[in-house]
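Working notes for the structure below.
Only the coordinates and a few stated rules stand behind these numbers; no lab work does. If you're wondering where the values come from, they're calculated on a predicted model, not measured in any experiment. Cβ sites come from the backbone with ideal geometry, for glycine too, and all protein chains shown count toward neighbours.
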Amino acid sequence: MDKIYVPPRSLRPVSTHYCPGCGHGLAHRLIAEVIDELGIREKVIAVAPVGCAVIAYDYWDFDCSEAAHGRALAVATGIKRVRPQNIVFTYQGDGDLAAIGTNETIHAANRGENLSVFFINNAVYGMTGGQMAPTTLLGQKTSTTPEGRSAQVQGYPLKISEMLALLPGVKYIERTGLYSPPEIIKTKKAIKKALMNQVEGVGFSLVEMLSPCPTYWGLSPQEAMSWIKNTMVKEFPLGVIK
Amino acid sequence: MKRSRKTEVGRQKILMTGNEAIAEGALAAGCTFYAGYPITPQNELIAYMSVHMQERGGVFIQAEAEVAAINMVFGASAAGARSMTSSSSPGISLKQEGISYIAGAELPAVIVNIMRGGPGLGNIAPAQSDYFQATRSGGHGDYHCLVLAPSGIQECYDLTALAFELADQYRIPVIILGDGMLGQMMEPLAIKSEVGSQKSEVRKEWALTGCQGREPNVAKSFYLKEGALEEFNLKLQKKYRQIQAKEERWEEFLVDDAKIVLVAYGSMARIAKAAVKAMRSKGKKAGLIRPISLWPFPKQAFSKFLAPGTKSRAPRPNFLVIEMSYGQMLEDVQLVVNGRAEVEFLGRSGGGIPSEKEIINKVNKIYHG
């Protein structure tokens, strides 16, 4: 019998440490599938973040570097500049990319580095216990905003993708949601475009994925998917931003 | 500030600042990646790199921050390139995070610190106040950087080239520790043919190059499983013991019959040497130990004075440690001497530099109370 659905070569056959219903497993797999489809596994160098995906290199089966918290795009810049023939991407959470690493993010984008960025926005710090992230919604309860995020006290959810879209060095930005089969297929297409842009030398490309975190949203996996669809997209509208 | 430089190999000497000689030494050693951020008094270095790195086919990036610069070096080094960053004291404080990660991921890298006055923003005068930060682990965790301290423009070039060799050999960050005086003064420099040719083609099997024909490589410093980090740290410690056994470097000057041995490094050693010569001309038996490697600290330079003596052995000399800081290298000398001889101290920092006269006065005081 023909197998019509097999694990991607670029993903190791191991179980992950992610919680049930977490979006990281989906995102890891989509990236691995695209890398297989583009036939670039042996050219890829990924940069893993500090956050829940800190050991992404235990799951992906290609060359990877760690980066200090927030520094993934500086590390990726160093790698890509000395090895322009390789395909270099970063995989970063909201705290990593849009709080402690905002400087690295903005300047790598502004230099127009020919890199692909996969940005997992789940509106919380997952690995450290569900604290407020730069992308936490107003009113959202986290372990450091027990009464809910207040604009007066903690400011507003940071729309870093829209900010980055203003920069001439940025060539492609799309926001997608990991909450339904059609949206997951769109996400895969966006990942492919971001990597193809790099292959073709187009320049800085970023895919922001709204990603479920049932554990720190206090929801079931299914409710978490619905929360992205019904609530999160109001603050972070889906689609091609640039 | 593009100046035409004759950098052909040969006997010809060219006039350069220490900052430029460090950059030239790096390029001669095959450094192909530099990322830096402007800060006085090391600006000649980044400016020199901006002109000459691209000329020679390498990558120059003026980074958005010191933190980004050192993390770019992490990436470039992980991808197999000989990589360097440079800064001055406040900027080096910012780089400590990256240096710790580089040490933890066992990546080679060269970091230049042209020290200025501190703490805080301090001033831009020469100082040696970052000795502790450089020779202990300046960032978090149990690690060491190998630290080399040039005292002239030729050594800026030579030791920087050596730093790349040692960094690759031991997969360790190497710090070139200079100061604002050394960085900005000019002296003749001989470009040596052997530096370029020594450019070792170390096979970097660990480098991230894409996993064609091999298992994937990972550059990381994260060891979460129980016992894994301790095992890794013990491996690092073993490497550090090897470095301590093999890589002590120092210069001795008229120490054999000395009654007073000055101990100074970098620019400070130049002034100390002048003081030794002046004292010798007056018949005073003074000498100098100039540590070149600050970590590992050159303990062997002291051992001949401190070995258990016979009755016929001449009395042990006194040591006078002289720094542009307030007693940092002093602690390493005290640890080595361990109470077996007198150790005196003369230091100034924050813009003050102990002069030849101050040194001689201090020696006279030691002799005559």
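Observations on the structure shown:
- Pair residue A:36, residue A:220: separation of 7 Å Cα→Cβ label points (nm): 3.1 nm
- Unit charges at the beta carbon, dipole of the protein assembly as shown: most positive-side option, B:337, B:26, A:65: B:337
- Remark: mean inter-chain Cβ contacts per residue of A:37-49 equal 3, using a 10 Å Cβ-Cβ cutoff to other protein chain atoms.
- Cα-centred dipole magnitude for the protein assembly as shown, charges only on beta-carbon of K, R (+1) and D, E (-1), debye, nearest 20: 1360 debye
- At most 16 other Cβ within 10 Å, DSSP loop - trypsin sites (Lys or Arg not before Pro), segment B:8-117: B:11, B:56
- On Cα atoms only, tilt of B:153-170 relative to the major axis of chain B in degrees: 60 degrees
- In this simple spin-label approximation, residue B:254 and residue A:242 carry label points 7 Å from Cα along the Cα→Cβ vector, and these lie 6.6 nm apart.
- Tilt relative to chain B, helix B:228-246 - C-alpha long axis, 0 to 90 degrees, to 10: 50 degrees
- Under 15 Å from a label point set 7 Å out along the Cα-to-Cβ vector of residue B:246, the amide N atoms of segment B:130-147 belong to B:146.
- Simple spin-label estimate for residue B:132 and residue B:270 in nanometres, 7 Å along Cα-Cβ: 2.8 nm
- Under 12 Å, Cβ to Cβ, from residue B:237 - net charge with Lys/Arg +1 and Asp/Glu -1: +1
- Distance from segment B:15-42 to segment A:92-111 (C-alpha centre basis), Å: 28 Å
- FRET E, pair residue A:1, residue A:185, Förster distance 30 Å, beta-carbon r, rounded to 0.05: 0.75
- GluC sites (Glu not before Pro) within segment A:167-223, DSSP loop, no more than 10 other Cβ atoms inside 10 Å: A:200
- Tensor-based shape of the protein assembly as shown (alpha-carbon gyration tensor, a/c under 1.5 rounded, otherwise prolate or oblate): prolate
- Between residue B:228 and residue B:280, the contour length at 0.36 nm per residue exceeds the Cα-Cα span by 13.1 nm.
- Number of partner chain Cβ atoms within 10 Å, mean per residue of A:99-112: 2
- Of the DSSP H helices in chain A, those whose Cα atoms cover at least 18 Å axially and whose Kyte score averages -1.0 or more: A:24-38, A:181-199
- Centre separation in Å (Cα based) which lies between segment A:1-47 and segment B:237-302: 58 Å
- In loop segments of segment B:221-316 as defined by DSSP, the chymotrypsin sites (Phe, Trp or Tyr not before Pro) with at most 14 further C-beta atoms inside 10 Å of their C-beta are B:223.
- Shielding value for A:55-65 is 5, the average number of Cβ atoms from other chains within 10 Å of each residue's Cβ.
- Within straight-line cross-link reach of residue B:285, lysines at Cα separation under 20 Å, skipping those fewer than 8 residues along the same chain: B:259, B:273, B:277, B:304, B:357, B:362, B:365
- Using alpha-carbon coordinates, inclination of helix B:266-281 to the longest axis of chain B, degrees: 20 degrees
- Free of any GluC sites (Glu not before Pro) that DSSP assigns to a loop and that have at most 12 other C-beta atoms within 10 Å, the longest stretch within chain B is B:9-200.
- Cα gyration tensor, chain B - rounded (a/c under 1.5), prolate or oblate: prolate
- Taking all Cα pairs closer than 8 Å and separated by 6 or more residues, the relative contact order of chain B comes to 17 percent.
- Multiplying the residue separation of residue A:138 and residue A:100 by 0.36 nm and subtracting their alpha-carbon distance yields 11.7 nm.
- Fully extended contour minus Cα-Cα distance, from residue B:300 to residue B:54, at 0.36 nm per residue: 84.4 nm
- Along the axis of the charge dipole computed for segment B:13-246 (Cβ charges of +1 for Lys and Arg, -1 for Asp and Glu, origin at the Cα centre), the listed residues B:87, B:128, B:224 are led at the positive end by B:224.
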